[in-house]
Amino acid sequence: MARIFITGSAQGLGLMTGQLLAEGGHEVVLHARDAARAAATRAALPAVAGMVEGDVATLAGMRAVAAQVNAFGSFDAVIHNVAIGYREPRRDITADGLPALFATNVLAPYALTALMHRPRRLIYLSSGMHHHVRTEIDDMLWERRRWNGSTAYAESKLYDAMLAFAIARQWPDTISNALEPGWVPTRMGGAGAPDDMDQAHRTQAWLAVSNDPAAMRSGRYFYHLEERAANPEAHDPALARRLLDRCAAFSKIELPS
């Protein structure tokens, strides 16, 4: 039996992944933004071993969630599922002065990785959209460019893959991978999304607990249980160093060496 924590798991793919893992006999702790969502999640998945509450769009929320997770002890795997979608029409700003999409999709996975007890495995959800953008590390916050929610989302998912591979290099004793679940008809993906909903949550569960040699490799990118190529920029150590430095500066949290 493995212990797994999943961010952003009150609904959608996070909840589906939690249910699949719980049905497999694993101890699963889920995360919801607030108490109402946490109660609804417990009702939807009574087998859940625990719930963590907190809005990871803010630095205070990130720290609060990390502290709650650490109170459970160490986990075998952490799945960074939480995200804001690509249809955001505005560059909404958080209490910390950061775009909410960047704070939730990029800074939260970075900060939680840095603050939580180090698990044996880390899984970061990217997106197929990350293949079609380049890094904009000098304008990650969209202060110079005209806001485009779709591009901002795609960039954030490139940074998530970059973070996964940076962790794989920096923490060689931790298996760290990224994946794309496919464009599926969740609330984020929309009703017209064409990909296979039955496959969308299986890769992250497999990476979290499987002893398949393919799932035990680190620094890889997956789609529907198969390894595939990531955007080449995601593997660039120099770009990754700049990403980590910017995230440390924005969060005032250093990633342990």
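The values are calculated or read from the model by the stated rules, or taken from the named source; none is laboratory data. Everything numeric in this text was worked out from a predicted model, so none of it was measured. So basically every Cβ, Gly included, is an ideal-geometry build from the backbone, and we count neighbours across all protein chains shown.
Here are the numbers:
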quantity	calculated
Residue check for ALA178: within 29 Å of GLU227 (Cβ to Cβ) and in contact (Cβ under 8 Å) with a residue 40 or more places away in the chain	yes
Among (1) of a type outside the set (D, E, K, R); (2) exposed (fewer than 15 other Cβ atoms within 10 Å of the Cβ); (3) at pLDDT below 95 - the single one GLY182 does not satisfy	(2)
Selection count, region 66-87, where residues are in contact with a strand residue (DSSP E or B) (Cβ under 9 Å, 6 or more places away or on another chain) and over 21 Å from THR174 (Cα atoms)	2
Index of the failed condition, ASP55 passing every other in (1) in a loop (DSSP other than H, G, I, E, B); (2) of a type outside the set (A, V, I, L, M); (3) touching a helix residue (DSSP H, G or I) at 6+ places or on another chain (Cβ under 7 Å); (4) touching a residue at least 40 places away in the same chain (Cβ under 8 Å)	(4)
ARG118, sole failed condition from (1) touching a residue at least 24 places away in the same chain (Cβ under 8 Å); (2) surrounded by 18 or more Cβ atoms within 10 Å (Cβ to Cβ); (3) within 16 Å of the chain's Cα centre (by Cα); (4) not in a helix (DSSP H, G or I)	(2)
Complete set of residues in region 72-89 that are in contact with a helix residue (DSSP H, G or I) (Cβ under 8 Å, 6 or more places away or on another chain), of a type outside the set (Gly, Ala, Ser) and part of a loop (DSSP other than H, G, I, E, B)	PHE75, ASP76, ASN81, VAL82, ILE84, TYR86, ARG87, GLU88, PRO89
Complete set of residues in region 79-115 that are within 9 Å of the chain's Cα centre (by Cα), buried (at least 24 other Cβ atoms within 10 Å of the Cβ) and among the aliphatic types (A, V, I, L, M)	ILE79, ALA83, VAL106, ALA108
Restricting region 239-257 to residues that are assigned to a loop (DSSP other than H, G, I, E, B) and surrounded by fewer than 18 Cβ atoms within 10 Å (Cβ to Cβ), the residue that is modelled with the lowest pLDDT	SER257
Per-region count, region 132-149, residues over 14 Å from ASP92 (Cα atoms) and outside any loop (DSSP other than H, G, I, E, B)	4
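For (1) more than 22 Å from THR113 (Cα to Cα); (2) aliphatic (A, V, I, L, M); (3) at pLDDT 95 or above; (4) surrounded by 24 or more Cβ atoms within 10 Å (Cβ to Cβ), each residue gets a yes or a no:
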position: SER9; (1), (2), (3), (4): no, no, yes, yes
position: ALA43; (1), (2), (3), (4): yes, yes, no, no
position: PRO46; (1), (2), (3), (4): yes, no, no, no
position: ALA49; (1), (2), (3), (4): no, yes, yes, no
position: ASP55; (1), (2), (3), (4): no, no, yes, no
